[in-house]
1. Determine, for each peptide in 72-79, 105-112, 22-29, the mean count of other beta carbons within 10 angstrom over its residues, then list the peptides with the highest first.
2. In the neighborhood of TRP139, defined by Cβ-to-Cβ distances under 13 Å, what is the net charge if each Lys or Arg adds +1 and each Asp or Glu adds -1?
3. Just list whichever of LYS21/LYS100; LYS68/LYS100; LYS46/LYS135; LYS39/LYS136; LYS46/LYS136 have alpha carbons separated by over 32 Å in the model shown.
4. Could you give the length gained by full extension between ILE65 and PHE158, i.e. 0.36 nm per residue of separation minus their alpha carbon distance, to one decimal place?
5. Could you work out the percent of alpha carbon pairs in region 81-163 separated by over 15 Å, rounded to a whole number?
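What follows is calculated from the coordinates using simple rules that are stated; it is not laboratory data. All of these numbers come straight from a predicted model, not from anything done at the bench. FYI the Cβ positions are ideal-geometry reconstructions off the backbone, even for glycines, and counts take in every protein chain you see.
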Amino acid sequence: MKPENIQNILFVSNIENYGDKYIEHLLDQYKIYINATEKISDRRQKTNEFFLALNSALLALLGFITAKTNQVELNSILIASSISGITMCYLWYRIIYSYKGLNDAKFRVVHAIEARLPLALYDTEWEMLGRGENKKLYWPFSHIELRVPFIFIFLYLFMIVMTFNTSDVISAYNILIDISEDVTEKFNNIFCDF
């Protein structure tokens with residue numbers, strides 16, 4: 001959405017029509033909105049802490065179980081736990097992405113309000129940081145935190161792959177090749193008879 005469109009939606013009343021309390025009420029609403037924006041960031045951080053702890057606990061539990069369980073049971077546990085872990089990480093990613101979108105929208109509103117205030121503090125700070133486009137100057141936290149669930153997904157996928165014995169994978173591959181050759185031969189025989 002363009003900044004001028006945000007201005008049109010945000011400012012439903014002008015100073016002349018509103019009265020002499022306009023600036024006071026604008027500042028009060030601005031303070032409330034900044035506080036709400038900070039609370040979103042706090043919730044986002046708590047969400048990250050929750051999922052990080054949950055994934056760390058699951059991996060630690062799986063490490064403990066690995067030492068105490070026989071191989072057949074272990075493979076089933078690792079595969080089921082890894083699928084659960086991957087699902088959990090995907091949900092974590094989606095939640096972070098949603099919070100990122102919410103924060104982006106909130107800061108666009110903050111910038112629009114600041115356009116009517118004497119100082120545009122957040123917009124100036126964002127400009128000084130290159131608007132998040134230069135990683136050497138500033139790398140937005142959301143860009144980093146969106147990658148963390150994928151680190152755990154990689155670990156879970158690695159565990160799934162490691163549950164399969166390499167010789168079993170090769171044997172299964174050879175069986176599939178033999179089956180496909182048999183099917184191809186039968187298929188050719190059927191159509192050659194017509």
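1. Ranking the peptides 72-79, 105-112, 22-29 by packing returns 105-112, 72-79, 22-29.
2. That works out to +2.
3. Result: LYS21/LYS100; LYS68/LYS100 exceed 32 Å.
4. This chain segment gains 31.8 nm when fully extended.
5. Of all Cα-Cα distances in region 81-163, 68 percent exceed 15 Å.
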